[in-house]
Amino acid sequence: MESCNCIEPQWPADDLLMKYQYISDFFIALAYFSIPLELIYFVKKSAVFPYRWVLVQFGAFIVLCGATHLINLWTFTIHTKTVAIVMTIAKVLTAVVSCATALMLVHIIPDLLSVKTRELFLKNKAAELDREMGLIRTQEETGRHVRMLTHEIRSTLDRHTILKTTLVELGRTLGLEECALWMPTRTGLELQLSYTLRQQNPVGYTVPINLPVINQVFSSNRAIKISSNCPVARLRPHASKYMPGAVVAIRVPLLHLSNFQIYDWPEVSTRSYALMVLMLPSDSARQWHVHELELVEVVADQVAVALSHAAILEESMRARDQLMEQNVALDMARREAETAIHARNDFLAVMNHEMRTPMHAIIALSSLLQETDMTAEQRLMVETVLKSSNLLATLINDVLDLSQLEDGSLQLEIAKFNLHSLFREVLNLIKPIACVKKLSLTLHFTSDLPVYAIGDEKRLMQTLLNVVGNAVKFSKEGSISITAFVAKPESFRDTRFPDFLPVPSDSHFYLRVQVKDSGSGVNPQDIPKLFTKFAQNQSLATKNPLGSGLGLAICRRFVNLMEGHIWIESEGIGKGCTVTFIVKLGIPDRSNEFKLPYIPKALVNHASSNFSGLKVLVMDDNGVSRTATKGLLMHLGCDVTIASSSEECLRVVSPEHKVVFMDVCTGLDGYELAVRIQEKFMKRQDRPLIVALTGNTNKLTKENCMRAGVNGLVLKPVSVEKMKGVLTELLERRFVFETI
C-alpha cells in the first residue's frame with residue numbers, strides 16, 4: 001500500500017487563471033495606491049480634521065498591501081488546482097472590494113467635508129475674518145483721517161496755514177506729544193526748525209543737513225523710526241524720570257521752482273526736502289503701528305502737493321503784482337512818450353514852418369537877384385547863397401522825414417505811376433550837376449521792366465535821388481551807371497542777408513536798382529556806419545564836407561517801408577562804390593495802362609510862359625515872406641496885391657484876382673479863409689484859384705486843403721523857376737499839389 005501524500009499532485013498552471021490573477025493583482029495595487037492619494041487630498045482640504053495621523057497610518061497599510069499584491073506578480077509558483085482556484089477567487093473578491101472602496105471614498109469625501117468636523121475650521125476662519133475686519137476698520141479710519149487732513153490742508157493756499165494745520169491735525173489724530181517741521185535754509189546746508197506743535201523749542205534753531213540720520217530719512221520715501229536722542233528729535237526738554245516717546249521722521253518733497261522764486265524760500269530743486277518729525281507721548285509703552293506710519297506717509301505727500309500749489313499761487317500773485325506795476329509804469333511811460341512825440345511833432349511842425357519862412361525869403365530874393373546884371377564875383381556869391389539855402393532846405397526835409405519814420409507816422413502813398421519816366425526824370429535832374437563835373441551818366445533798363453508800377457512814386461524817387469546824388473557828389477571823374485531790372489527769385493537767396501526773405505507773387509514784383517560809380521570808394525569797415533543817422537564816410541568827410549549824413553539813413557527806412565533791402569559794396573578807398581537796393585512794387589492792371597498817361601510834376605521849360613497882367617493876391621502875415629513872394633510874382637509880370645491878414649484879404653479880393661496865394665500855418669485860419677473866399681463869390685467863374693504856401697505838406701495838411709476847396713499846395717521855399725512852374729501848371733490844370 002503506497003504511503004499517503006497530503007499534498008495534491010501538482011498540475012500545470014492554466015493560462016486563463018494566471019491571466020485573471022495578473023489582472024486582479026494589477027487592479028488591487030492600483031486601488032491601494034489611489035486610496036492614499038484621495039486621503040491626502042482630503043487631509044489637505046480639511047485642514048482641521050482631528051484624525052490626521054490615523055488616516056496617515058491607514059494609508060501606509062494600504063500602500064503595503066498594494067505592494068504585496070504587486071510583488072505576487074513576480075512570485076507565482078506551480079500550485080494545486082484547489083489552491084489556485086481559492087487564491088484566484090480571493091484575489092478577485094479583494095480586487096472588487098478594493099475598487100468599490102476607492103470609488104466609494106470619491107463620493108464620501110464631499111459629505112465628510114460638510115459634517116461637524118468643520119466647526120474648528122469655521123472658528124479659525126471667523127477669527128481670521130475678525131482680524132481682517134479690524135484691519136479694514138483701521139484702514140477706513142486712516143482713510144477718514146487722511147480725507148479730513150487733506151480737506152483741512154487744501155482749504156487754504158497759504159503755506160504757513162497749510163503747515164500749521166498739518167501739525168495740529170496730525171497731533172490730534174495720532175495723539176502726538178510733539179510734531180515739528182524742519183525747512184532747508186537759503187544756503188541748503190542746514191535745516192531750520194520752522195514750525196512746531198507745542199512750540200517748546202524756539203523756532204529758528206538749525207542743524208546741519210548732512211547728518212547721517214537726515215540722509216537716511218531723505219533717501220527713503222517711507223516714514224523712518226529714529227532715535228529720540230538725535231538732534232532733529234530733541235523737540236522738548238527731556239526730564240530724567242520720563243522715557244521719551246517713539247519718534248518717526250519723514251521727508252516732505254518741495255516743489256522744483258524752475259520759473260519761480262519765492263520771497264524767503266530757497267531756490268529749491270527736485271531733490272530738496274523738508275523734514276517732518278513726529279513724537280509719541282513720553283513714558284508710555286505705545287509704539288508706532290503700520291497704519292499710523294501709512295497715514296503719516298500719505299499726509300506728507302498731500303502736504304507736498306499743497307505746498308507746491310501754494311508756492312505757485314504765491315509766486316503767480318507776486319508776478320501779477322509785478323506785472324501790474326510794470327503795466328502801470330509802461331502805461332505812464334507810453335503816455336509820456338506819446339506826449340513827447342506830440343510835443344516833438346508840434347515843435348517840428350512849428351519850426352519847419354518858421355524855418356521855411358525866412359528861407360523862402362532868402363531863396364526867393366536870391367533867385368530874383370540872380371536874374372539881374374551882376375559882376376562875376378557878385379554872381380558867385382549869389383549862387384553860393386542859393387546852394388547853401390537849398391542844402392538847408394534839403395536838411396529840413398530830411399529831418400522831418402526821419403522824424404516821421406521814427407515815430408511811425410509816415411505812411412506810403414500808394415498809386416500807379418510811370419516807372420520808366422521816374423528814372424528819366426531823376427536822370428534829367430542829376431545830369432546838369434554831372435555835366436559840370438564832366439561825369440558820364442548812363443541809364444539802362446532791362447526788357448522785362450514794366451513801364452507802370454504801383455507804389456509810392458515820391459519816396460522811390462527820393463531814394464533814387466539820394467543814391468545817385470551821393471554817387472555824383474563823391475565822384476571827381478569817370479562814370480556813373482544806373483541799372484534797373486526785375487529781381488529774379490533765385491537772387492533772393494543771398495547768404496549775406498539772411499533776414500531779407502521776399503516772397504514772390506503774381507500781384508507784385510521786386511525792382512532791383514544798381515548805381516555804380518568810379519568815385520572815391522568806401523572803406524569796407526565803414527560801410528555799416530553809413531546807414532546810421534548823421535554818419536558820414538570819415539575818410540572823405542574832410543575832403544567833401546557837404547551833406548548831413550541823413551540821406552542813406554532815410555533811404556534805408558524808405559526801402560524797409562517798401563519791404564526791400566539796401567546795401568553798399570566797395571573794394572576800398574579810390575576803387576569806386578556800388579549801391580544796390582530792392583523794393584517791392586505792385587503790378588497794375590494792364591488793361592488800364594492807357595488811361596493813366598504820365599504827367600510830369602513840374603514843367604522843365606517855362607521860358608515861353610507869359611503871366612503879364614495876371615492879377616494875383618498875396619496874403620501873408622510875415623512881412624519878409626510877403627515881400628519875397630510879391631517880388632517873385634512881379635518878376636514874372638504879375639499884377640500883385642498884398643494883404644497882411646485874413647480880414648484884409650477878404651476885403652480886397654475881387655473877381656479880377658485870378659490867383660490867391662495865402663500862407664497856411666498849422667492853425668485853421670488859412671483853411672477858413674479859403675472857405676470864406678469861395679462863399680464870397682457865389683458864381684464859380686468869379687472865384688479865384690487858391691494856392692496855399694506852407695512849410696508842411698503832410699497828408700493831414702493836404703486833406704485839410706482839399707476839404708477847404710484849395711486848388712494848390714506849394715511847399716516853401718519858392719524860387720523863380722519853381723514859381724513859374726507852379727503858375728503854369730495851375731493855369732493849365734487848375735490844380736497843383738506838391739509833396740515833400
Sort ARG512, ARG137 by heavy-atom solvent-accessible area, probe 1.4 angstrom, most to least.
ARG137, ARG512
Sum up the lysine pairs in region 399-489 that clear both bars: alpha-carbon distance under 17 Å and a spacing of 8 or more or different chains.
7
Using only the alpha carbons, work out the radius of gyration and Dmax of region 635-740 in angstrom.
12.9, 34
Could you tell me the accessible area of THR375 in Å² (1.4 Å probe, neighbours in place), rounded to the nearest ten?
80 Å²
Can you compute log10 of I(q)/I(0) for region 273-384 with the Debye formula, treating each Cα as one identical point scatterer, at q = 0.10 Å⁻¹?
-0.71
When only alpha-carbon atoms count, how far does region 427-493 stretch along each of its three principal axes, as whole angstroms with the largest first?
38, 25, 22
Accessible-area order for THR357, THR187, largest to smallest, probe 1.4 angstrom, reads THR187, THR357
Whole-Hz couplings from phi, Karplus 6.51/-1.76/1.60, listed for region 614-621; x for Gly and Pro
5, 7, 10, 10, 10, 10, 8, 7
Which value, in Å² rounded to 10, gives the accessible area of GLU721 with a 1.4 Å probe and all protein chains present?
100 Å²
By accessible area with a 1.4 Å probe, ligands and nucleic acids excluded, highest first: order of LYS724, LYS680:
LYS680, LYS724
Can you list the HN-Hα couplings for region 213-226, worked out from phi with the Karplus curve (6.51, -1.76, 1.60; θ = phi - 60°), rounded to whole Hz and with x for Gly and Pro?
5, 5, 4, 5, 5, 5, 7, 10, 9, 9, 6, 10, 6, 10
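The values are calculated or read from the model by the stated rules, or taken from the named source; none is laboratory data. It should be emphasised that the depicted structure is a prediction, and the values quoted were computed from it without experimental measurement. Ligands, DNA and RNA are excluded from the accessible area calculation, which covers all protein heavy atoms including side chains. Shrake-Rupley method; radii C 1.70, N 1.55, O 1.52, S 1.80 Å.
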